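The values are calculated or read from the model by the stated rules, or taken from the named source; none is laboratory data. Computed from a predicted structure; not experimentally measured. Cβ atoms come from the backbone with ideal geometry, glycine included; neighbour counts cover every protein chain shown. Each accessible area value is taken on the protein alone, full model and side chains, heavy atoms only, with ligands, DNA and RNA left out. Shrake-Rupley method; radii C 1.70, N 1.55, O 1.52, S 1.80 Å.
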Amino acid sequence: YLNYEDGKFSKSRGTGVFGNQAKDTGLPADIFRFYLLYVRPESQDSSFSWDDFLLKNNSELLNNLGNFINRGLKFLSDNFGGVIQEMNLRDEDKELLALINRELQTYIDNMEQAILRDSIRNIMSISRLGNQFMQSNKPWVLVKGSADDKSRSGTVVSLAVNIANLLSVLLQPYMPETSQTIQTQLNTPPDSNVVYRKFVCHLPPGHKIGKPSPLFQKIEACKIEEFKKMFAGQPGPETKPKRGEKTAVSGPVNTAEVQRLTDEVTKQGLVVRDLKSKKAEKSLIDSEVAKLLDLKKSLAAVPVPASNGSGNNAEVDRLTDEVTKQGLVVRDLKSKKAEKSLIDSQVAKLLDLKKRLALAGGQNPQEAAGGGKKKGKKK
């Protein structure tokens, strides 16, 4: 199933962005297509996250794919009149083509087995190879050198533009409008829209491309916050405790135990997430999931004081899940070296959730958020 943020899609409550609402965001349909296929729940549940949506657009589409294609086409247009040059390949170029062929063959195999998530990653890998190729050869430096250097510059950029043409074909099932835009800029021949198991240069020397222009736009964090509020929906109706479900009790509560179990649930959630992302053995994943469920049961069994008005096991369970999921969001952003402002905003959200969880469990919210601890003085 595809979930929405830390909950589920719900038309009745207006929670989540649906097809008829996506157009109201002003974002191109292809961006939604790309993201939904990138997180497609093929072998396990996945989630639509606006923060991850921003990250995929700004890193994968804008900085990786868009940057590679636009700078290759623009360089060819500015320095060679938009005309493909003779390509005299060196050994390093042939090594690049071998790596592209490996990704291309895997792309085809994945598509034939309907493993769409992995195929889109093959596309991004080819784009990264192209970016690395341009960066290591620096055609913008070579073009200012000798005749041989300028010839090499022409080879590098012409090969890069042909790789861009390949990407336009591979993108068609995922981003048809973007694919067409790239091919218009390339002035791609109609017979190029065939996927072979080996890379083919469909743009020969002498071919003239069209006018290049940027493919993607950066999405700002403030815009994402607007979308979160726009599609947050309404909270669900309060439900009566189910038969056998524990309700709030009066009397003392072990706040230290609540905090300990909350931290353990968060850490164990990270363990399970790591194993799933690394595609570990199913038996190992199952055993760690069982540990996580046991920890959640232990946390739910801790009595909650009735005097605080909002304290009940259902609320503790809900906030515990939110803390766990938000912890994963922060960890992902840090591992991907996202913008500091985005990380800080998500860390603040995590701390706020921890305070709310502490209140629900009758704890000191400052201690739960990592503050309020005093060091004892030495006597």
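Ignoring ligands, DNA and RNA, what percent of the accessible area of the range 71-185 is carbon or sulfur (1.4 Å)?
Taking all protein chains in place, the range 71-185 shows 47 percent carbon and sulfur surface.
At a Förster distance of 30 Å, what's the computed FRET efficiency of Asp148 paired with Arg102, Cβ-Cβ distance as r, to 0.05?
0.45
If each of Asp344 and Lys23 carries a label point 7 Å out from its Cα toward its Cβ, how far apart are those two points in nm?
3.9 nm
Treating the beta-carbon of each Lys and Arg as +1 and of each Asp and Glu as -1, no other charges, what is the dipole magnitude of the range 63-208 about its Cα centre, to the nearest 20 debye?
My answer is approximately 280 debye.
What residues have an amide H closer than 5 Å to that of Asn187, excluding those fewer than 5 places away on the same chain, when H is modeled at 1.01 Å from N in the peptide plane?
For Asn187, the qualifying residues are Gly210.
What is the sum of charges, Lys and Arg at +1 and Asp and Glu at -1, for the other residues whose Cβ falls under 14 Å from the Cβ of Arg102?
Spelling it out: positives minus negatives among the neighbours equals +1.
Send over a whole-number figure in Å² for the accessible area per residue of the range 76-203, probe 1.4 Å.
Averaged over the residues of the range 76-203, the accessible area is 46 Å².
Which of the trypsin sites (Lys or Arg not before Pro) found in the range 141-185 are in a DSSP loop and have at most 14 neighbouring Cβ atoms, other than their own, within 10 Å? Please list the in-between numbers first.
Details: sites: Lys144, Lys150, Arg152; in loops: Lys144.
Those that pass, being in a loop and sparsely packed, are Lys144.
With the dipole of the range 4-87 worked out from charges on the C-beta (+1 for Lys and Arg, -1 for Asp and Glu) around the Cα centre, which of Gly72, Asn58, Ile31 lies farthest toward the positive end?
Projecting each Cα onto the dipole axis, the largest value belongs to Ile31.
Go through the range 1-83 and name the trypsin sites (Lys or Arg not before Pro) that are in a DSSP coil and have 11 or fewer other Cβ atoms within 10 Å of their Cβ.
Counting only loop positions with at most 11 other Cβ atoms within 10 Å, the trypsin sites (Lys or Arg not before Pro) in the range 1-83 are Lys11.
Please give the contour-minus-distance gain from Lys278 to Lys291: 0.36 nm per residue of separation, less the Cα-Cα distance, rounded to one decimal in nm.
2.8 nm is the gain from fully extending Lys278 to Lys291.
Quick one: accessible surface of Glu226, probe radius 1.4 Å, all protein chains present, in square angstrom to the nearest 10.
Approximately 90 Å² for this residue.
Ignoring everything but the protein chains, give the 1.4 Å probe accessible area of Trp140 in square angstrom, nearest 10.
90 Å²
Indicate the gyration tensor shape class of the range 79-119 (rounded, prolate or oblate), computed on the Cα atoms with a ≥ b ≥ c the square roots of the eigenvalues: a/c under 1.5 is rounded; otherwise a/b larger than b/c is prolate and the rest oblate.
Oblate shape, in that a/c is at least 1.5 and b/c is the bigger or equal ratio.
Name the residues whose placed amide hydrogens come within less than 5 Å of the amide hydrogen of Asn3, ignoring near sequence neighbours (fewer than 5 apart) on the same chain.
Long-range HN contacts for Asn3: Ser46, Ser47, Phe48.
Can you give the FRET efficiency for Asp93 and Asn193, using 1/(1 + (r/R0)^6), R0 = 25 Å, r = Cβ-Cβ distance, to the nearest 0.05? All intermediate terms of the calculation are to be shown ahead of the outcome.
On the way: r = 24 Å, r/R0 = 0.98.
The calculated FRET efficiency here is 0.55.
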